[in-house]
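Each remark here refers to the structure printed beneath this line.
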Amino acid sequence: MTETDRLIKAKIPGEETGIQVRGTICDICSPSFHCGVDAYVRDGKIIKIEGTKEHPQNSGVLCTKGLGGRQYVYREDRLKTPLRRLGPRGGGKFEAIAWEEAYKEIALRMGQIKEKYGPESVLFFSGYSKWYRPYLHRFAYNFGSPNYGTESSTCQTSTFMVWDTNVGRFSVANTANAGVFLGWAFNAYYSRHLALKPVVSQKARGMKVIIIDPRITPASRQLADLHLRPFPGTDGALALGMGKLLIDKGWIDKDYIDKHVFGFEQYKEYVQQFDIVTVENITGVPGTDIEAAVYMMSHNGSMAINESAAPLAHHKNGYQNYRAVMALSAITGNYDRLGGQIPVSFTYNYQAAGFQTREKEFINAARPSIEGMRPRVGAARYPLWNELTNECQITDLTRQINEGTPYPIKGIFALGMNYRIMPDSGAFQRALDKVDFFLDTDLFLTDTAKLADIVLPVCSSFERGELKAYPGGFLQYTNPVIEPLYESKSDVEILSDLSREMKLGDPLLEAGYEECIRYILQDLPITVEELRSSPLPVLIDVAVKPYVPGAFTERGYNTPSGKFEIYSNIIAAKCPGLDPLPTYVDSRNHWDEPAYPFLLNTGPRLPGALHSRLHKVPWLRSLRPNPALDISGEDAAALGIAQGDAVELATPNGVLELEANVSWKVLKGVVHLYHGYSEADVNSLVDGDNNDPYSGFPGYRTTRCAVRKRAEGNKKS
């Protein structure tokens, strides 16, 4: 072996090896972090990736998911060319077609639906990734449809809605200055890994940490001064009980409440029913632990509360549970306070960099085209969602396709759709069979793509450029590190091409991604060319000072009362039948308890998985090769189940065959199964009617189920 061969084997960049290091971002967990990535490229192929040490977002750190990025990009099942379905939906038979032919067929089929049924009858959907969402939203409005929807129908948006009703502005934990961290559903070792750093750093400076999670996790073991383990879906009762204790003990901020809280007296009266014994019976948390937590919360300075997009929200009572938790910030005077919850404003695509762009103007320029249209999907069933968001609620789509009311949905225009995100995913899959036309774009021929009439191949973040905002005042516009694989294109290039083909009359969208970015950034003192010339995020020199806690409070909140509304005037005025107070109801579904004695959680995080996206990445799949049901040691012993045994998980919707993972980290009576497996789709078992009436979010984490050992053998083959 020559010296050059040795250098190539060691992946050392330089002229001698022909290896270059090119910067980009990882968008696997889009759009939460988008960590900086150094891609080592030789002969046009990625041979290695590392985190970018100089990147202000991740400082060189990548999680297991990001480290699997090279295998993700080069998965063997990458789509190579546009495809047209042959035979029945789901049969997996397709023929390759040219891009021009695909565009013409899409334009024809969608035009026919628009002419016959109206533009509302085509629904536009965004799954993963999310980088193209402003452009798809504008595209849908140009078409004339109000039905733009996303996977955020089951993720994150419920938390935005809570803050809209609380103060009218999204808010986040200021952990870096907190005296106590209330880590409600905080498991950053497995999910949102960059959220871990401020907690670890501040704990080292004396911050107290309370972890609230039914499971024992790395966060509870390594960080917690106190770990509370409530039964899933009972978080609201726990928070209301904490509120009662804080009031009874006088550990509240009366001055803040008198000046800045609306509805405190109604809240105070309501929480009286949540005495310590009642809360202990509902949640399973010992009363002494609840009292210890409340003391810790009120005797260590400011309190920051972890934001949770899923664990708190994925219950029939999730929205109200979340409100009950955040009411604690109000009554203790920790809202808009250093080390408490701090208001933020989004800069671009869900990220707050500290300055404004024209993203909203870009999206809404075409909105007049939908004025006078029929209501969005989910508008009647979920009136609060419809009031507070500018998207349709996808969890009502199965019903509307099947019933055709208040009007039929005949076309689906989807970028990255995954039907497995839906509760009772089998019912949604069957509903897709009933539409006249279904387009899907993806990197892979997924089970959802197999249902489409036309499938278009798209790029990964390594194969295209992308604008990204970062906290601290940064913008980045990446460059491709490799050429698009096969015939793939970026999602926005597809939207731009189709805008021209369909004659939607939008010169800006037709001009392409870069011109759209120029419009969105036109008020900033930087050009697209300057951004593209930098390998790292650029600090934008704008006259925006760091937010001073208390400024929002001083001018008044964006609510009807101008105060933090524990009693929501928006809900009272706009949503009859929904409770303006953060009341608590049981989250479990109606299925027969004796027949289905366990509670199913379909959303526990795994370090190497994100929905369905990474199950076919070999390195990451090796961390848990088989779909495994986590069951407590106590329950397993009672059922005669040992580690690795073949078991069945059952609900009225069906049965899954799984491998048992006996764990002393889960609560008795609760079982956990990660979602997204083609061979074991747990969301197919979920009750599709057990949804939150406020947000429409599914009860992924509180569905009754049964578990039994398979009779034909001990180990699953």
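Odds and ends about this structure:
- Bridge orientation summary for the chain: considering DSSP beta bridges with both residues in this region, about 55 percent are antiparallel.
- Two-site FRET efficiency, LYS665 against LYS116, from Cβ-Cβ distance with R₀ of 41 Å, rounded to 0.05: 0.15
- Across LYS468/LYS489; LYS203/LYS360; LYS65/LYS468; LYS53/LYS203, pairs whose alpha-carbon gap is larger than 28 Å: LYS203/LYS360
- Cα gyration tensor category, rounded, prolate or oblate, for segment 272-380 with a/c compared to 1.5: oblate
- Under 20 Å from the ASN364 label point (7 Å along Cα→beta-carbon), backbone N, segment 163-203: 163-171
- Cα shape, segment 502-631, gyration tensor, a/c 1.5 rule: oblate
- Ranked by the mean number of other Cβ atoms within 10 Å per residue, highest first, peptides 370-378, 636-644 order as 370-378, 636-644.
- Taking chymotrypsin sites (Phe, Trp or Tyr not before Pro) across segment 625-717, the ones in a DSSP loop with at most 12 further Cβ atoms lying within 10 angstrom of their Cβ are TRP664.
- Label point distance in nm, LYS574-ARG518, each placed 7 Å from Cα along Cα→Cβ: 3.7
- Dipole magnitude of the chain, debye to nearest 20 (Cβ charges: Lys/Arg +1, Asp/Glu -1, about Cα centre): 740
- Alpha-carbon centroids, segment 380-423 and segment 462-508: separation in whole Å: 26
- A simple spin-label model places pseudo-atoms 7 Å from Cα toward Cβ; at LYS104 and ILE526 they are separated by 4.4 nm.
- Taking every DSSP beta bridge that has both ends in segment 396-525, the antiparallel portion is near 30%.
- Virtual paramagnetic centre 7 Å along Cα→Cβ of ALA595, amide N under 12 Å, in segment 690-708: 705-706
- The GluC sites (Glu not before Pro) of segment 75-132 meeting both criteria, a DSSP state outside H, G, I, E and B (loop) and at most 12 other C-beta atoms within 10 angstrom of the site's C-beta, are GLU76.
- Estimated at 0.36 nm per residue, the fully extended path between GLN272 and ARG710 surpasses their Cα-Cα distance by 153.0 nm.
- Carbon/sulfur fraction of accessible area - segment 375-439, other protein chains in place, 1.4 Å, %: 45
- Taking amide H atoms as placed 1.01 Å from N in the peptide plane, the amide H of VAL37 lies under 5 Å from those of THR24, ILE25, CYS26, THR52, each 5 or more residues away in sequence or on another chain.
- Of the solvent-accessible surface of segment 198-288, computed with a 1.4 Å probe and all protein chains present, 50% belongs to carbon and sulfur.
- Most positive-pole-ward Cα, ASN147, GLY633, GLY60, against dipole of the chain from beta carbon charges: GLY633
- Shape call, the chain: gyration tensor on alpha carbons, a/c limit 1.5: rounded
- For segment 620-717, the list of GluC sites (Glu not before Pro) that fall in a loop by DSSP and count at most 15 other C-beta atoms within 10 angstrom reads GLU679, GLU712.
- Rolling a 1.4 Å probe over the protein heavy atoms gives the chain an accessible area of 37 Å² per residue.
- Under 18 Å from LYS208, Cα to Cα: lysines that are on another chain or at least 8 residues apart: LYS197
- On full extension, the segment bounded by ALA10 and ASP586 gains 201.6 nm, given 0.36 nm per residue less the C-alpha separation.
- Spin-label model distance (nm) - ASP255 vs GLU291, 7 Å beyond Cα toward Cβ: 3.0
- Over the chain, relative contact order from alpha-carbon pairs under 8 Å, at least 6 apart, %: 18
- Heavy atoms of ASP433: accessible area, 1.4 Å probe, square angstrom to 10: 80
- Phi to ³J(HN,Hα) by Karplus 6.51 cos²θ - 1.76 cosθ + 1.60 over segment 64-77, Hz, x for Gly, Pro: 4, 5, x, 5, x, x, 5, 5, 5, 5, 9, 3, 5, 9
- Size descriptors for segment 9-158, from the alpha-carbon set: Rg then Dmax equal 20.4, 63 Å.
- Heavy atoms of ASP592 accessible to a 1.4 Å probe, total area in Å² rounded to 10: 80
- Considering all different alpha carbon pairs of segment 360-473, the Kirkwood hydrodynamic radius works out to 16.4 Å.
- Chain lengthening between SER534 and VAL655 when straightened (0.36 nm per residue, less Cα-Cα): 38.3 nm
- Taking all Cα pairs closer than 8 Å and separated by 6 or more residues, the relative contact order of segment 1-139 comes to 14 percent.
The values are calculated or read from the model by the stated rules, or taken from the named source; none is laboratory data. This is a predicted model, so every value here is computed, not measured. Methodologically, a virtual Cβ is constructed for each residue, glycine included, from the backbone with ideal geometry; neighbour enumeration extends over all protein chains shown. Each accessible area value is taken on the protein alone, full model and side chains, heavy atoms only, with ligands, DNA and RNA left out. Shrake-Rupley method; radii C 1.70, N 1.55, O 1.52, S 1.80 Å.
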